[in-house]
1. Taking Cα atoms, how many degrees apart are the long axis of helix 88-97 and the longest axis of the chain, rounded to 10 and kept between 0 and 90?
2. Taking θ as phi - 60°, what are the ³J(HN,Hα) couplings along the range 102-117 by the Karplus curve (6.51, -1.76, 1.60), each to the nearest whole Hz, with x for Gly and Pro?
3. Assuming R0 = 25 Å, what is the FRET efficiency of GLU12 and ASP78, from their Cβ-Cβ distance, to the nearest 0.05?
4. What ranking of SER37, SER6 comes out by heavy-atom accessible area, probe 1.4 Å, highest first?
5. Highest GNM mean-square fluctuation, the chain, Cα pairs closer than 10 Å: which of ALA86, ALA18, ALA122?
6. How big is the antiparallel share of DSSP beta bridges in the chain, given as a percent to the nearest 5?
7. Just to check I understand the Karplus step: with θ = phi - 60° and J = 6.51 cos²θ - 1.76 cosθ + 1.60, what whole-Hz values come out for the range 3-18, glycine and proline as x?
8. Taking the chain as a Gaussian network, Cα atoms linked when under 10 Å apart, which of LYS91, LYS40, LYS15 shows the biggest mean-square fluctuation?
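The values are calculated or read from the model by the stated rules, or taken from the named source; none is laboratory data. From a predicted model like this one, the values you see are computed outputs, not experimental measurements. Neighbour counts run over all protein chains shown; Cβ positions are idealised from the backbone, glycine included. For accessibility, only protein heavy atoms count, side chains too; no ligands or nucleic acids. Shrake-Rupley method; radii C 1.70, N 1.55, O 1.52, S 1.80 Å.
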Amino acid sequence: MLKGISPIIPPELLKTIAEMGHGDELVLADGNFPGTSIGKTCIRCDGHGCAEVMEALMTLFPLDDFVPAPLAVMAVPDGMFEGNKAPIWEKFRAAADKDLPTAQFDMMEHDAFMDRARNAYAVVQTGETALYGNIIIRKGVVRL
């Protein structure tokens, strides 16, 4: 255990985000996501939700402010949710606001999202149960 670092972030995830460079992407995946078969590396975070893990990461992980949309979610089918927005996206927005309030989201069609996830640095498989509870976050630079 370390001071100032959320205990929900496992050591393997700390190592992974430290290794990542500017522009590398991390998938925070729900419990239904095929993390092991899609990811180059799959880190388990069972027992925690995607937004909870994202919020903990935002104290350590700078979002990329060189691109307008350092966040990406999988677009939902028309009519599935009010306004075609998954309720969990509000939690993703709140977590992102802790680092980069101007960060925009790419809304990606399912297959495009999966292709992008295959190219991500790693997948973090959580126990998230919310539908469309997956997000890709792009690492920025640390400014001292």
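1. That helix lies at roughly 40 degrees to the long axis.
2. Taking θ as phi minus 60°, the curve returns 8, 4, 9, 10, 7, 9, 10, 4, 3, 5, 5, 4, 5, 4, 5, 4 Hz for the range 102-117.
3. Efficiency, from the Cβ-Cβ distance: 0.05.
4. On the way: SER37 100, SER6 35 Å².
Ranking SER37, SER6 by accessible area, largest first, yields SER37, SER6.
5. ALA18
6. Numbers: 8 of 20 bridges.
Within the chain, antiparallel bridges account for around 40 percent of the total.
7. 3J(HN,Hα) across the range 3-18, in whole Hz: 6, x, 10, 4, x, 7, 8, x, x, 4, 6, 4, 4, 5, 5, 5.
8. LYS15
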